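Just below is one structure, and these are the notes that go with it.
Values quoted throughout were computed directly from the atomic coordinates according to the rules given, and no laboratory measurement underlies them. Predicted, not measured: the structure shown is a model, and the values here were computed from it. Here the Cβ is made from the backbone with ideal geometry for all residues, glycine too, and neighbour counts use every protein chain on show.
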Amino acid sequence: MGGQFAGGDLRPPFAGLLGQPPEKLIINLPSPCYVIDEEQLKKNGELLGRLAEDTGCKVLLAQKAFSNFNLYPVLAPYLAGTEASGLYEARLGFEEMPKKEVHVFCAAYREDEFEELLSYADHIVFNSPGQLLKFGPAAKERGKSLGLRINPEHSTQEGHAIYDPCAPGSRLGATRAQLDDALSHHPQLFKLLDGLHFHTLCEQDSDALLSTLKAVESGFGDLLPRMQWLNLGGGHHITRPGYDMDTLKQCIHYAQDKWNVQVYLEPGEAWALNAGYLVTRVLDVIRNGDTHLAILDVSAACHMPDVLEMPYRPPLYGSGEPGEKPHTYRLGGPTCLAGDIIGDYSFNKPLQAGDLLLFGDMAIYTTCKNNTFNGMPLPDIYAMEKPGKFKRLTHFGYENFKRRLGGRQV
Ligand SMILES: Cc1ncc(COP(=O)(O)O)c(C=O)c1O
């Protein structure tokens with residue numbers, strides 16, 4: 001980065017570098033690679049641990065966002081358990097976060113997996129009264145705590161329908177009408193329930209939780225005093241600077257006092273927010289008319305799929321908004337996809353092939369979501385114990401690509 005980023009970048013995604021220039025810190029790492037910042041993880045853990053201590057709520061790690069299990073011991077002291085969305089995450093939480101609770105929510109369970117799931121899970125949350133009817137009695141017999149995901153029909157994220165489980169026609173969670181209809185035919189269902197679960201937020205502050213809790217109260221408040229627990233789902237951006245912790249605590253206390261329930265939260269992002277980096281190098285620089293482009297050795301489509309899916313513009317060390325610094329580039333990946341664009345960024349100096357760049361906030365929804373489209377290698381994953389001290393957690397090669405596509409007939 002030779003002087004490109006002089007002056008450092010102290011924004012939250014890069015706070016873990018303590019102002020040290022990345023080109024010095026990461027010079028010996030291969031490109032591309034993911035780096036998970038243990039000290040930042042621990043800071044997030046401490047904050048969430050304090051929340052649990054102050055309020056009596058239990059905080060779970062939603063593994064869909066972050067499941068680099070080598071680092072589970074860093075978070076273990078602060079969490080009550082893990083949340084899984086499928087069989088393998090449930091097993092991972094069971095194996096790698098020993099002696100902690102295992103909670104599972106899946107939009108629909110499979111008969112051929114359910115028995116194994118029961119061997120890992122403590123709490124099982126069903127998405128519909130039909131699933132509760134089908135699987136609830138067997139799970140109850142095995143001593144599991146059962147819940148139903150509800151849909152409070154209260155959208156708090158306009159323009160983000162892909163992340164809004166309360167959007168019209170949503171398949172996620174039972175509305176009060178759906179629940180009442182099921183109970184009118186199967187009143188015994190209610191006895192199976194130990195708790196209710198809702199998940200409606202995405203990267204939001206606690207004002208959205210407060211208004212959602214009011215909607216839950218007006219739709220389901222009569223049922224809650226008969227429950228043992230209430231799970232407020234994920235999407236709480238608790239570890240982001242400026243998050244309104246007081247309102248979150250008020251919501252937790254309100255639910256506990258009013259309905260005498262154990263409150264659970266199951267954030268994913270918040271545990272690993274701003275605790276990871278993606279190291280990359282410029283492979284080529286191109287100009288098309290007025291547009292300056294750089295092709296990197298990482299791909300949005302393969303290595304940070306939420307950039308396209310969400311979509312969002314990931315933070316890049318030392319860069320500015322387009323036009324803010326003298327040289328603006330559109331950064332893209334090496335794949336065939338025309339839309340494999342990471343974003344437009346500006347720089348102090350022109351980019352050149354070989355330049356090292358560093359994306360921030362890359363611990364979440366990356367390593368657990370990446371893919372090998374176009375035959376792109378998966379980047380290795382490193383942990384940074386402290387600035388400059390790295391250990392490699394895993395390495396990928398051709399076999400990882402090939403084995404997912406076939407093999408000798410079995
Ligand atoms: C049911 C459920 N719980 C928890 C989470 C974690 O959300 P986040 O990583 O935004 O905190 C999600 C995310 O989609 C979810 O669907």
> For the chain, modelled as a GNM with alpha-carbon contacts under 10 angstrom, which of 260, 28, 127 fluctuates the most?
Replying inline: 28
>> What is the distance in Å between the Cα centroid of region 143-172 and that of region 219-286?
In response: 15 Å
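Go through region 288-394 and name the GluC sites (Glu not before Pro) that are in a DSSP coil and have 14 or fewer other Cβ atoms within 10 Å of their Cβ. Spell out each step's value before the answer.
Values: sites: 309, 324, 385; in loops: 324.
Hits after loop and neighbour filter: 324.
Rounded to the nearest angstrom and ordered from largest down, what semi-axes does the equivalent ellipsoid of region 39-272 get from its C-alpha gyration tensor (root of 5λ)? Display every interim value, and only then the final one.
Details: eigenvalues 130, 97, 51 Å².
Listed largest to smallest, the semi-axes of region 39-272 are 26, 22, 16 Å.
Take the cross-link list 249/391; 42/214; 64/349; 325/391; 64/391 and give me the ones stretching past 31 Å between alpha-carbons. Write out the running numbers ahead of the final one.
Details: 249/391 37 Å; 42/214 33 Å; 64/349 38 Å; 325/391 35 Å; 64/391 23 Å.
Exceeds cut-off: 249/391; 42/214; 64/349; 325/391.
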> Which is farthest toward the positive dipole end of region 1-128 among 119, 81, 35, measuring Cα position about the Cα centre, with Cβ charges +1 (Lys, Arg) and -1 (Asp, Glu)?
Replying inline: 35
>> What do you get for trypsin sites (Lys or Arg not before Pro) in region 188-251 restricted to DSSP loop and a cutoff of at most 14 other Cβ within 10 Å of the site's Cβ?
In response: none
>> Could you give the length gained by full extension between residue 336 and residue 218, i.e. 0.36 nm per residue of separation minus their alpha carbon distance, to one decimal place?
In response: 37.5 nm
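Share of Cα-Cα pairs in the chain beyond 40 Å, in percent? If you can, show how the numbers build up before the last one.
Details: 18175 of 83845 pairs.
For the chain, the share of Cα pairs beyond 40 Å comes to 22 percent.
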>> Among 263, 201, 168, which residue has its Cα furthest toward the positive end of the charge dipole of region 39-272, with +1 on Lys/Arg Cβ and -1 on Asp/Glu Cβ?
In response: 263
>> Only counting other Cβ atoms within 10 Å, I'd like 292, 185, 199 sorted with the fewest neighbours first.
In response: 185, 292, 199
> To the nearest 20 debye, what charge dipole does the chain have about its Cα centre, counting +1 at the Cβ of each Lys and Arg and -1 at the Cβ of each Asp and Glu?
Replying inline: 760 debye
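Before rounding to the nearest 500, sum -39500 (n - 2.57) across all DSSP H runs of length at least 4 in the chain and divide by the residue total; then give [θ] at 222 nm in deg cm²/dmol. It would help to have the intermediate numbers written out before the result.
Values: 14 runs with 121 residues, N = 410.
Helix contribution divided over all residues of the chain: -8000 deg cm²/dmol.
Here is the link list: 99/140; 58/134; 43/386; 58/100. Which ones come out longer than 19 Å on Cα distance?
Where the Cα-Cα span goes over 19 Å, the pairs concerned are 99/140; 58/134.
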> Based on the alpha-carbon gyration tensor of region 318-399 and its eigenvalue square roots a ≥ b ≥ c, which shape applies: rounded if a/c is under 1.5, prolate if not and a/b is larger than b/c, or oblate?
Replying inline: oblate
